[in-house]
Every structure is written in structure tokens, then in C-alpha cells.
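*Asks:* Here you go, one structure.
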Amino acid sequence: MWEALQFDFLRNAVLAGVLVSISCGIIGTLVVVNRIVFISGGIAHAAYGGIGLAFYLGVPPTFGAAVFSVAVSIVMGLVSLKSKHRADTVIGVLWAVGMALGVVLVDLVPGYNVDLMSYLFGSILAVSDSELWLMLPLDAVIVLTVAIFYKEFMALSYDEDFAVVVGIPVKTLYLALLVMTALCVVMVIRVVGLILVIALLTIPPYISEKYTRSISRMMVLSTILGVAFTLSGLWLSYLFDLSSGATIILVAGAVFFLSYVIDLLGNG
Amino acid sequence: MKLPAVQVEHVCFSYGDNQILKDVSFTLEQGDFLGILGPNGGGKTTLLKLMLGLLKPDRGSIRILGESPLDANHRVGYVPQGTDFNNNFPISAMEISLMGRLSRSHLGRFYTRTDREKAREALARVGMIAHADTHVGRLSGGQRQRVFIARALATDPEILFLDEPTSSLDPEFETDLYSFLKELNSQVTIVVITHDIGAVSRYVKSVACVNRSLIFHSEGKITTEMLDMAYACPVDLIAHGVPHRVLPTHEAK
């Protein structure tokens, strides 16, 4: 393993795994307790539209995905605030249209063959230095924003009505949460791909919720679990020559089911 | 002259085609203790949410202490109906009580020592201080309700709104709650939605009956006629499906 770590790409993969786990632990916790898993899935898939657009315009794909998914997250957020009853339908439509747009735009790029699979299922081993330098400030933005507005996020997650009554700008914070989710998703796409984003975003918080008594501890434990899943998945994929993204998710999924079974036995 | 605690003028509210409230008007003075009665689905909770600024009236105006409901929100406390939501949420009784200390002007700041003292004091007042660090999921329904009352008290409200606060309380605390509210009423205006006619007769100063429209009684003392009216109100309204006038015995006073 140490010998392997000397390879730059593996060192970058480990660093990316840690950085992504931090943002996933924090944002994933808020996504789970606010029950906005579906919207997060929508943002992740629609992000492919941004990747296609970036290729079409000849700008860096991560940048394209970031701008596009932030825009999509705001649209989805406004729709879910305005028309609560049909929000899920609209999100589902944006989800699919975003992806379709990405595929068609990539088709339109002459003679360019994009490695679609690496965006769908991730390529943590291909994370470059410059991408790491992009992840670091994104992590910092997420950590700082949630730290500063921690009690407000907690209040709106627990009891939205009460948060409105005491005068917290609930809608603004909700949109901010979705924008941060979009930024988090863009980072995670590099690691496990946009199809598997949801698993890394929700499994660690789901497990953590059962063993913690506060949102902050849930975030910390989720981050630790995220690092454990990413690194052990990475190691297993290296050992058995498997796809890294899918292996990471299967490790997380195995622990998810294990904790579920332990729960059932404990309550039975 | 003191501004009225609540001033509701010609308020109408509908969910789609379903008219919930029609031309509701009343004025509640500061220091009053209002019990709101009425049948289920009659619009009690909707009226409360309008006064809190959670809903906006289709027509008419609402002033809370002379301000719009959202501008007055740091001056009111709110105890919602039912507490059986989000029981898996990782949060302690103390953290819930602390929520009462949140406000727009303290956005993004840490809780101060005063905030913590007020939150603890509020928990102590409802007899929940021993459970300050208990996870919300481990509290009984009645205990949760007390924590929610503590959260509203922690705001230091000038008006306290409670939506059926006794619905999941254990009986002995129910009596405690009303005598507690009565004591609190010396400093705070109280508006409580309740099905508990007995409590209304013993503790409140004014009564309102809501079923699409609203009838307001601001008698200083609770009379047997008012008790009759409180009982008669939901029954009468369900029977006719239209708002009724104040009972004759009542007007004869």
C-alpha cells in the first residue's frame, strides 16, 4: 500500500476521497434530515447537461458542471417552494432533460469522444492536482457556511414553521443548502460518478443518525464513515482490479445493510 | 394607549376553492387570554397560522402589536399542534428550547450565555430540566409538548400562541399547564386553541368560536352562558353549516 501511495494518482485519489467525504458528511446530513434526497438526485443527474455544455463550449467540464448544476439547483429550489404539490414531477423532468441535453451536446462536438462512463461512474484515480485545488475551496465554502448558520440550518430542518415564526430567512437558507448540494455533487461526480452520488451522500448520514444525538456529531461521524468507505473501496478496487466508484458504493451499501440488520435484531 | 395585541380585519382565506375563513374580524387587547374554540376543520389552525405570518390572507389585514405578523415575529411565541414529527431527528430537549432564542437579528451568531440561561430557565418552568440532554425521540408525547412550550417561552414572547397544547399531555400536567398559563398571563397575552371547554371556562378571559366566520366574546369573566355557547358553538355550526349569531341568552347580558 505504501509503495502504491507513491504513485501520484493514488495520492490524489486518497486526498480527493477525504475532501469529498467532508462535504458529503456535512451536506448529506442536511439532505437526509430535510428529506431532499430526490432533489439531490435531480441535481446530480442534471449536472451532466453542464458537462455536455462545457465540452460543447470548450471550457473545463468540472467548471461547466458546477455552473450548470448550481443553476439547476436554484430552479428546482424555487419550483419546490412555489408549487409544493407538483415539485417532484418538475424535478423529475429537469433530471432527465439535463442528462439528455448533456448527451446531445456531446454528440454535437465534432470528432470528440467523451469518456461518458467516467462521469457516470466516477474516476477517482484520474483526479488531477488542479481538480484537488478546486475541491479545497469548495469544501471550505461548505464547512464555513454550515458552521456559521449551523443553528439556523438545524432549526429549519427540524421545524420549518417555527423557524419562519422566529424570523429566520428559511427560503434563502433552503436555496443556499441546494446550491451547496450542487457544489458537493460536482465534487462527488469525480469520485463515484453522478449515478452513484446519492449513495455516498445518504448512506453515511443514514447510519450515523442512529448513533448520534446531534446534527454536528452526525456530520462528523458521516465524514468519518465516508472516508472509511472511500478508502477501503479504493483499496479493494486496487486489489481486485475493479471499478473504483462502484466498489466504494458497494462497501458503503454492505455496511448500510449490516447496520440495518443489526438494527432489526436489536429491536426484535 | 397600548396597541392591540392582535387586530384582525375582514380576513378571508381559501385553499384553492375551499374557503376556510370568511370575513373574520376581531381585536384582542394586550394582557388578554383568548381561548379559540370550534369544530375540526373550522379554520382554527389556519387563523393561528395567519396571525403568525405562516400564511397570508387573501383579503383583509392582520396586525400583531401594530406590526405585520412577520415583522412582529420576534415578539411572539408559538407552540405547534402535535409533536409527533421528526422523532428520529438527532436533537436534544435543550437544543429545541434554544431554538426559541433564534431571531433574524442574531442570524449566524453563536448562542450567548443569556440564550442558554433563558433556554434552561424555560425548560425548568415546564419541569423538563432533568431531561435537557435527552434525545427528542426518547421523550414521551407529553414531555415533548412541554419542551415545545419551553421553546416558545424561551423567546420571551409578548404574545404566546398555542395550538391545542394539551392534546398529548398527561392529565396532571394539563391542569398544571393552564394554571401556569394563567400565571404567565400577568405579563403575556395568550391565545390558545383548545377543545377543552372546561379549561376555557376556568382560565380564559375571552372566547372566540371559529367555523369559517368568527364570533368573539370579550367578557371579563366566564359565565355559564358562555360555557353553553362554547359547547353549543361547534354543535350548532355543524348542524346548520352556516355561521350562527350569538346565543340570545348571551346577548341579554
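Readers should treat all values here as calculations from the given coordinates under stated rules, not as data from a laboratory. Only a predicted model underlies this, so the values are computations on that prediction, with no experimental measurement involved. Cβ placement follows ideal geometry from the backbone for every residue including glycine, while neighbour counts extend to all protein chains displayed.
*Asks:* Could you tell me which helices of chain A pass both thresholds, a Cα extent of 24 Å or more along their own axis and a mean Kyte-Doolittle hydropathy of at least -0.5, with helices taken as whole DSSP H runs?
*Replies:* Numbers: long enough: A:8-33 (37 Å, 1.84); A:37-57 (30 Å, 1.40); A:61-82 (31 Å, 1.66); A:87-108 (31 Å, 1.93); A:129-148 (29 Å, 1.58); A:170-192 (31 Å, 2.25); A:215-240 (36 Å, 1.51); A:244-267 (35 Å, 1.69).
Going by DSSP H runs, the hits are A:8-33, A:37-57, A:61-82, A:87-108, A:129-148, A:170-192, A:215-240, A:244-267.
*Asks:* Still on this model: May I ask you to evaluate 6.51 cos²θ - 1.76 cosθ + 1.60, the Karplus curve with θ = phi - 60°, for each residue of region B:97-103 and list the ³J(HN,Hα) values in order in whole Hz, giving x for glycine and proline?
*Replies:* 4, 4, 4, x, 8, 5, 6
*Asks:* Which of A:V185, A:V106, A:V59 ends up with the largest GNM mean-square fluctuation for chain A, with Cα atoms connected below 10 Å?
*Replies:* Residue with maximal mean-square fluctuation among A:V185, A:V106, A:V59: A:V59.
*Asks:* What are the lysines whose alpha-carbon lies under 28 Å from the alpha-carbon of B:K182, with same-chain residues fewer than 8 places away excluded?
*Replies:* Hits, sequence-local ones excluded: B:K2, B:K44, B:K49, B:K118, B:K205, B:K221, B:K253.
*Asks:* Just to be sure I understand the model, the point goes 7 Å from the Cα along the line to the Cβ. What's the resulting B:E9 to B:D176 distance in nm?
*Replies:* It is 4.3 nm.
*Asks:* Between region A:3-48 and region A:93-136, how far is it from one alpha carbon centroid to the other, in angstrom?
*Replies:* Between the Cα centre of region A:3-48 and that of region A:93-136, the gap is 15 Å.
*Asks:* Suppose each label sits 7 Å from its Cα in the direction of the beta carbon; what would the A:V141-A:I224 distance come out to in nanometres?
*Replies:* Those two pseudo-labels are separated by 2.9 nm.
*Asks:* Pairs of alpha-carbon atoms within less than 8 angstrom and 6+ residues apart define the contacts here; what relative contact order does chain A have, in percent? Let's see the in-between values first.
*Replies:* Details: 387 pairs, mean separation 83.2, N = 268.
So the answer I get is 31 percent.
*Asks:* Remind me, relative contact order of region A:134-268 in percent, using alpha carbon pairs under 8 angstrom and six or more residues apart?
*Replies:* Details: 88 pairs, mean separation 24.6, N = 135.
Once divided by the residue count of region A:134-268, the mean separation gives 18 percent.
*Asks:* If you don't mind, there's one more thing I want to ask. For region B:23-163, calculate the relative contact order in percent as a whole number, restricting contacts to Cα pairs under 8 Å that are 6 or more residues apart.
*Replies:* On the way: 167 pairs, mean separation 44.7, N = 141.
RCO, region B:23-163: 32 percent.
*Asks:* At 7 Å along Cα-to-Cβ for each site, give me the label-to-label distance between A:H85 and A:K171 in nm.
*Replies:* Modelled inter-label distance: 2.0 nm.
*Asks:* Still on this structure, please answer the following. In whole angstrom, note down how far apart the Cα centers of region A:254-268 and region B:1-66 are.
*Replies:* Taking the Cα centre of region B:1-66 as reference, the centre of region A:254-268 is 48 Å away.
*Asks:* Largest first and to the nearest Å, give the Cα extent of chain A along each principal axis.
*Replies:* 55, 45, 34
*Asks:* Follow-up. With a cut-off of 20 Å, note down the residues of region A:211-237 whose backbone N falls inside the zone around a label point 7 Å from the Cα of A:R11 toward its beta carbon.
*Replies:* What the label zone holds, given the 20 Å backbone N cut-off, is A:231-232, A:234-235.
*Asks:* Taking the Cα atoms of region B:43-136, report the difference between the largest and smallest coordinate on each principal axis, in whole Å and largest first.
*Replies:* Principal-axis extents of the Cα atoms in region B:43-136, largest first: 46, 29, 24 Å.
*Asks:* Which FRET efficiency value, to the nearest 0.05, is calculated for A:L242 and A:L132 with the Förster distance at 25 angstrom and r the Cβ-Cβ distance?
*Replies:* Details: r = 23 Å, r/R0 = 0.94.
About 0.60, to the nearest 0.05.
*Asks:* Just want the ordering: A:W235, A:W133, A:W95, from fewest to most Cβ atoms lying within 10 Å of their own Cβ.
*Replies:* Ranking A:W235, A:W133, A:W95 by Cβ neighbours within 10 Å, fewest first, gives A:W133, A:W235, A:W95.
*Asks:* Counting only Cα atoms, I'd like the Rg/Rh figure for the protein assembly as shown, Kirkwood definition for Rh.
*Replies:* Working: Rg = 27.4 Å, Rh = 25.6 Å.
Reported Rg/Rh (Cα atoms, Kirkwood Rh): 1.07.
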